[in-house]
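J.: Before anything else, here's the structure in question.
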Amino acid sequence: MVFTEKGAVEDYILQELDDKLGWTFVGKADMEAKRGEDFGEPLVISDVKAALRRINEADLSDADLEFIIVTLRTIPTTIDGIRRFIDFLRNGIVVPVEKEKKEKVIRLIDFNDLNANEFVVTNQYKVQGIRGNIRADIVLLVNGIPLALIEAKNPATENADWLEAYKQIKRYEEQAPDLFKYVQFSIASDGIKTRYFPNAFEEEGKDLTGIWKDPYPFNRGEFKEDLLKIVVYGMLSKTNFANLLENYVFVRKNRDKANKVITRYMQFRASDKIFNRVIGTLAGRKSGKFGLIWHWQGSGKTYSMAFSAWRLLHSPEAESPSIFVVVDRKDLEEQVLRDFAFLEIPIERIDKIKKLIEILQWGKEGKRGIFLITIEKFSPAEFADLEKKSGKIEIARENVIVLADEVHRTHYGKFGTLMRSVFKNAFIFGFTGTPLSKMERNTFQKFCPKGEFYLDRYSMMDAQDDGFTVPMSYQARLPQYHLNKQQLEALSRFQDEEISELSSEEQKELSRKIIPIREILKDKAKIREIAKDVAEHFTNVVEPTELKAMLVTIDREACVLFKEALDEFLPPSYSEIVMTPDQNKKKIRGYYERLHAKYKTKDDKKINDKIKEDFLTKKEPKMLIVTDMLITGFDAPILWAMYMHKPLKEHRVLQAVARTNRPFQNKKFGLITDYIGILDDLESAYGSFEANDARELKVVFRNLEKENQTFKRLLDSVLEVFSGIKRENTHESLEATLDRLLDPDTAKKFESLIRELMRFYEMLKGESFLRESLNDYSWLTKLYVAYNKKYKKKNVDELKIEMISKKTRQLIRSTIDIKEIEQKYPTLEIDENYLKTLKKLAPKGVGAAIDIATNIDHEIDLHPTSPFFINLNKEVKNTYEKLRTRQMETEKGIEKLRAVCESVTEWKREMKEVGADRYPIYEAIKLALPDIDKSRIVEFANELQAHLAGKNLIFSGWQVQRDVRRKVKEEIRIKVFSRFKDLKSKANELTEKIFTALEGYE
């Protein structure tokens, strides 16, 4: 079967939407007729006006409709404009209704009755943008408004993959921004790989692209691994599509930048299940007041809570609920506040028990809204005192929803018990990545209804497979300073929440045991030795990657001791402590006096916030020193290495080390270095978790030696490509090796493997076990540089190797003679001299032919908008591939390429003769009218150029100004009709070609 992008992808999507999912397909011709061929307008005006009258209870006049259309048209093509349109989409537009003499909210979409709307899908949707014309493969419109766009590529064509589709959509954004203030998200697909992203005029590559992996609420088992079909059903079924538009797309304000976010599939699924359980139970259709959301790190649990809270708060069926987001730590409280604020979802912080009581007793039934509280506010002692004065404190209403984070930690004791008694009829949903199944602490028993294991699950492997986390690797260093098993158990128990369940005498006894162990850990000489090793490892392994590190130690005093020791071996600006002060400790007091002087404030929270912000956004600090703060809930993708000097166990150690598992650039894994011995007995720690988690932990959290083994396997695989070739430092050896890469499949395999090898080298360079592989790796990097220079005419700077591996770029600088490679495989300009050289040397062999082809490719790259070179590109690529795959005789290929070089030389000669500024016009006319007299074309080009310049229409940036573009096109059309009266049938084609040529000329 021969695939085309239309047959394989585009037609399939249209068929599923039209036949199975209830959308109405309107073909290209019918849609263009409906639009009246007004392609500068992205809206289908007739459909918009019809829908406005149909779904709104208002007597709308033509003037009212025009008011709404103008309101939409004048939305700016900026992120603020996108925010405004989302508001209009959700909440409607306030319109002074002419006939009724009053203002009314007019809806664009009826989200309550989806059948009242018109869901249309069309293909080859043309838009004349301010920077160019586009034709999108598929556009989905609701009530005449384009809200989603799909670009398809042929899965059978090399280099025509989803990424090319994504890049094409980015070009569309640039060329026709008025379309994308309406389009909420786009889908790029090659039929095999499919990605979606929210449109918000981001720089190419900066969009939050994602994979939608669940057709929920359709049965996942029926879809197998057909990701394209999953996306179509999961995102584009009418119910899900409307739900996404109404509840799951937001503009997020993050520091000084705003961007657009759309839910991930696991967030959508969990949030929808929570919503359905609450609304179904309130309506009497279901029964169930609890649910466990078992989502691993990287799933965005705070966003799942935010989406759930937003949707429930705005649901009429929930009848103005009270929603309590419950956390157990102040740093998580800050994170929830920040993330809700980013999405502009209102949330009220309950900072005191007195305020909690006020909210609970507000108007007899409790205050409505979204509230944030830490669980320790539910203090039995303080509640008992207050209830003596004012009676029983509780909310009896059913429409109370609790969204509790990290429930594996603190929902088993007195605080959790009181919370449930206060919210006696509430819905309670627990969120955790690591539920416990211990006898004394069983998360499943606390949050799962009878017969249900969880409400929603997103596993460690799901997160890793989706690219939201990377694996974590660990190693032990300085084992002579590790604690023994009994010492670790005592310390970790003292650190753990279980201490609150001990009696006061048991707590005192445990405290007496751990004092000498703490002193061992805080021995200054030992801390200095560990700090020295940390500094060496950081300098050799971490710092060259430009990633960052965190040191976790036993307590606040130890933080100060480590900071003082590290400052001996690293610049003091490299590291900072993030902790709360302790005025009872002299060393800590002294540290804070210096800190306050340095930051010129005594506000410790401001200082901590400043340090965290600088860590995330600036070069320094490069390492944070912490004890309790930031080891949960701190999302810092740039954090790679964690130096562990604190006894943690079970979920606490997992949550701490998981700070390193966020993807960033080419981070292959998070790196944990153990200086205390907590990872020596890692296997036994898995027993506290559910069996599936325990199995997955062994995959995602592994010994660093396995990364070394992976590197060696990759290295052997690349070397195998060149088996049988003598590796010598000679030109003949290099040529023989490069000849092996003439085969396209071999070359593709080599490129893929070497780039993956570079990513691992970036992580492992500096580790001692890598030394034995350095010679082989250096040879391969030299080969990679030479391969790109010979066959792609790319110099080492154009390869941007530092984007993959900064350490490899350093290795190339220090070990490879780049000038020698440049001289062996130079990029030559195609001109008369080049033609003479070809004639004189009479090149033979496939390598020589490909060398000519790559020089032509270089010329094509220099003239990307020229019709001549655009057409030439296809011919050269075809010849190039036939030569590489031995489908064309070498002699014939060289003759074809020599002929191409002659035509390039002729093109350059002609451009020089006509003039570079007038040549785009000349070339466009010559392409449309090849038989017309040359002098006539030159004369017209001169006249048109002078005419446009005289009217001040051609200047830097004219292409992006709508009115100027329109005027330029009008002037071209007038001149064409005036000059070529004998060719009126070609006038419109000529006008478009000349305009396009001028548009692309800088």
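J.: Does the stretch 720-733 hold any residues that are among the charged types (D, E, K, R) and in contact (Cβ under 8 Å) with a residue 24 or more places away in the chain, and which are they?
T.: Here is the first cut: in the stretch 720-733, the ones among the charged types (D, E, K, R) are 720, 726-728, 732.
Matches in the stretch 720-733: R727 only.
J.: Residues being exposed (fewer than 15 other Cβ atoms within 10 Å of the Cβ) and not in a helix (DSSP H, G or I): count how many of those fall in the stretch 13-31.
T.: Number of matching residues: 3.
J.: If you go through the stretch 342-352, how many residues are in a loop (DSSP other than H, G, I, E, B) and within 17 Å of I323 (Cβ to Cβ)?
T.: Matching residues across the stretch 342-352 total 6.
J.: Could you tell me which residue of the stretch 369-410 is most open to solvent (accessible area, probe 1.4 Å), considering only residues that are among the small types (G, A, S) and on the phi > 0 side of the Ramachandran plot?
T.: Within the stretch 369-410, the match that is most open to solvent (accessible area, probe 1.4 Å) is G391.
J.: If I go through the stretch 788-823 residue by residue, how many of them are within 28 Å of T905 (Cβ to Cβ) and open to solvent by less than 60 Å² (accessible area, probe 1.4 Å)?
T.: Qualifying residue count, the stretch 788-823: 7.
J.: Can you pull out every residue in the stretch 748-791 that is farther than 15 Å from L714 by Cα, of a type in the set (A, V, I, L, M) and without any contact (Cβ under 8 Å) to a residue 40 or more places away in the chain?
T.: Matches in the stretch 748-791: V785 only.
J.: Go through the stretch 32-83 and count every residue that is assigned to a helix (DSSP H, G or I), open to solvent by 50 Å² or more (accessible area, probe 1.4 Å), touching a residue at least 40 places away in the same chain (Cβ under 8 Å) and within 17 Å of V105 (Cβ to Cβ).
T.: Number satisfying all stated conditions: 1.
J.: Against the definition (open to solvent by less than 70 Å² (accessible area, probe 1.4 Å) and not in a helix (DSSP H, G or I)), how does I359 come out, yes or no?
T.: So I359 fails the test.
J.: Can you find even one residue in the stretch 844-856 that is touching a Lys or Arg at 6+ places or on another chain (Cβ under 8 Å) and open to solvent by 70 Å² or more (accessible area, probe 1.4 Å)?
T.: No, the conditions are met nowhere in the stretch 844-856.
J.: Related question: I need the full set of residues from the stretch 454-471 which are assigned to a loop (DSSP other than H, G, I, E, B), in contact with a helix residue (DSSP H, G or I) (Cβ under 7 Å, 6 or more places away or on another chain) and either more than 21 Å from L704 (Cβ to Cβ) or among the charged types (D, E, K, R) (or both), in order please.
T.: L455, S459 - these are the residues of the stretch 454-471 that are assigned to a loop (DSSP other than H, G, I, E, B), in contact with a helix residue (DSSP H, G or I) (Cβ under 7 Å, 6 or more places away or on another chain) and either more than 21 Å from L704 (Cβ to Cβ) or among the charged types (D, E, K, R) (or both).
J.: If you go through the stretch 768-787, how many residues are under 30 Å from the mean Cα position of the chain (by Cα) and modelled with pLDDT under 85?
T.: 0
Let's see how each residue does on (1) more than 30 Å from V657 (Cα to Cα); (2) part of a helix (DSSP H, G or I):
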{"residue": "F340", "(1), (2)": "no, yes"}
{"residue": "K354", "(1), (2)": "yes, yes"}
{"residue": "R397", "(1), (2)": "yes, no"}
{"residue": "I401", "(1), (2)": "yes, no"}
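J.: Kindly evaluate T890 against the criterion of being in contact with a Pro (Cβ under 7 Å, 6 or more places away or on another chain) and more than 27 Å from G1000 (Cα to Cα). Give the steps one after another, and end with the answer.
T.: On the way: in contact with a Pro (Cβ under 7 Å, 6 or more places away or on another chain): no; more than 27 Å from G1000 (Cα to Cα): yes.
Answer is no for this residue.
J.: Can you tell me which residue among I86, I109, I134 is open to solvent by less than 20 Å² (accessible area, probe 1.4 Å), part of a helix (DSSP H, G or I) and among the aliphatic types (A, V, I, L, M)?
T.: I86
J.: Which one is nearest to the chain's Cα centre (by Cα), of the residues in the stretch 605-645 that are surrounded by 15 or more Cβ atoms within 10 Å (Cβ to Cβ) and among the polar types (S, T, N, Q)?
T.: In this case the residue turns out to be T632.
J.: Another question, if that's okay. Checking A736 against (1) touching a residue at least 40 places away in the same chain (Cβ under 8 Å); (2) over 30 Å from the mean Cα position of the chain (by Cα), which single condition isn't satisfied?
T.: (1)
J.: Which of the following residues is among the hydroxyl-bearing types (S, T, Y) and either in a loop (DSSP other than H, G, I, E, B) or without any contact (Cβ under 8 Å) to a residue 12 or more places away in the chain (or both): S299, S304, S308?
T.: On the way: S304 fails: either in a loop (DSSP other than H, G, I, E, B) or without any contact (Cβ under 8 Å) to a residue 12 or more places away in the chain (or both); S308 fails: either in a loop (DSSP other than H, G, I, E, B) or without any contact (Cβ under 8 Å) to a residue 12 or more places away in the chain (or both).
On inspection, the qualifying residue turns out to be S299.
J.: Next up: Just to check your reading of the model, which residue among Y303, Y265 is at pLDDT 95 or above, closer than 25 Å to Q464 by Cβ, buried (at least 20 other Cβ atoms within 10 Å of the Cβ) and hydroxyl-bearing (S, T, Y)?
T.: Answer to the selection: Y265.
J.: Which residue out of E767, E859 is touching a strand residue (DSSP E or B) at 6+ places or on another chain (Cβ under 9 Å), of a type in the set (D, E) and open to solvent by less than 30 Å² (accessible area, probe 1.4 Å)?
T.: So the residue among E767, E859 that is touching a strand residue (DSSP E or B) at 6+ places or on another chain (Cβ under 9 Å), of a type in the set (D, E) and open to solvent by less than 30 Å² (accessible area, probe 1.4 Å) is E767.
J.: Could you give every pair whose Cβ atoms fall below 7 Å, whose first residue belongs to the stretch 364-383 and is farther than 19 Å from V327 by Cβ and in contact (Cβ under 8 Å) with a residue 40 or more places away in the chain, and whose second residue is open to solvent by 10 Å² or more (accessible area, probe 1.4 Å) and assigned to a loop (DSSP other than H, G, I, E, B), counting only separations of at least 6 or pairs across chains?
T.: As it stands, the answer is G366/R397; R368/S320, since those pairs meet every condition given.
J.: Still on this structure, please answer the following. Considering every residue within the stretch 815-822, establish whether at least one is over 32 Å from the mean Cα position of the chain (by Cα) and part of a loop (DSSP other than H, G, I, E, B).
T.: yes
J.: Assuming K167 fulfils every condition listed in (1) open to solvent by less than 50 Å² (accessible area, probe 1.4 Å); (2) at pLDDT below 95 apart from one, which condition is it?
T.: For K167, the failing item is (1).
J.: Looking only at helices (runs of 4 or more DSSP H) that lie completely in the stretch 488-590, which have at least 2 residues being open to solvent by less than 60 Å² (accessible area, probe 1.4 Å) and modelled with pLDDT of 95 or more?
T.: Here the list reads 524-537, 556-569.
J.: Also, I was wondering about something else. Among the residues of the stretch 737-771, which ones are touching a helix residue (DSSP H, G or I) at 6+ places or on another chain (Cβ under 8 Å), within 30 Å of A476 (Cα to Cα) and either of a type in the set (D, E, K, R) or not in a helix (DSSP H, G or I) (or both)?
T.: Within the stretch 737-771, E756, E762, K765, G766, E767 qualify.
J.: Tell me, please, whether a residue that is modelled with pLDDT under 85, over 32 Å from the mean Cα position of the chain (by Cα), within 30 Å of H537 (Cα to Cα) and open to solvent by 60 Å² or more (accessible area, probe 1.4 Å) can be found in the stretch 669-680.
T.: Yes; the residues of the stretch 669-680 include at least one that is modelled with pLDDT under 85, over 32 Å from the mean Cα position of the chain (by Cα), within 30 Å of H537 (Cα to Cα) and open to solvent by 60 Å² or more (accessible area, probe 1.4 Å).
J.: Let me ask something else. Taking E881 and the conditions (1) surrounded by 15 or more Cβ atoms within 10 Å (Cβ to Cβ); (2) in contact (Cβ under 8 Å) with a residue 60 or more places away in the chain, which numbered condition does it fall short on, given that it satisfies the others?
T.: (1)
J.: Test of understanding: among E891, E902, which residue is in contact (Cβ under 8 Å) with a residue 60 or more places away in the chain and open to solvent by 20 Å² or more (accessible area, probe 1.4 Å)?
T.: Among E891, E902, only E902 is in contact (Cβ under 8 Å) with a residue 60 or more places away in the chain and open to solvent by 20 Å² or more (accessible area, probe 1.4 Å).
Yes/no matrix, rows are residues, columns are (1) open to solvent by 10 Å² or more (accessible area, probe 1.4 Å); (2) closer than 27 Å to E859 by Cα; (3) in contact with an Asp or Glu (Cβ under 8 Å, 6 or more places away or on another chain):
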position	(1), (2), (3)
E913	yes, yes, no
L929	yes, yes, no
I937	no, yes, no
A941	no, yes, no
K967	yes, no, no
E971	yes, no, no
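The values are calculated or read from the model by the stated rules, or taken from the named source; none is laboratory data. Because the structure is predicted, anything quoted here is derived from the model rather than measured. Using ideal geometry, Cβ is built from the backbone for each residue, glycine included, and neighbour counts are taken over all protein chains shown. Please note that ligands, DNA and RNA were not included when accessible areas were found on the heavy atoms of the full protein model with its side chains. Shrake-Rupley method; radii C 1.70, N 1.55, O 1.52, S 1.80 Å.
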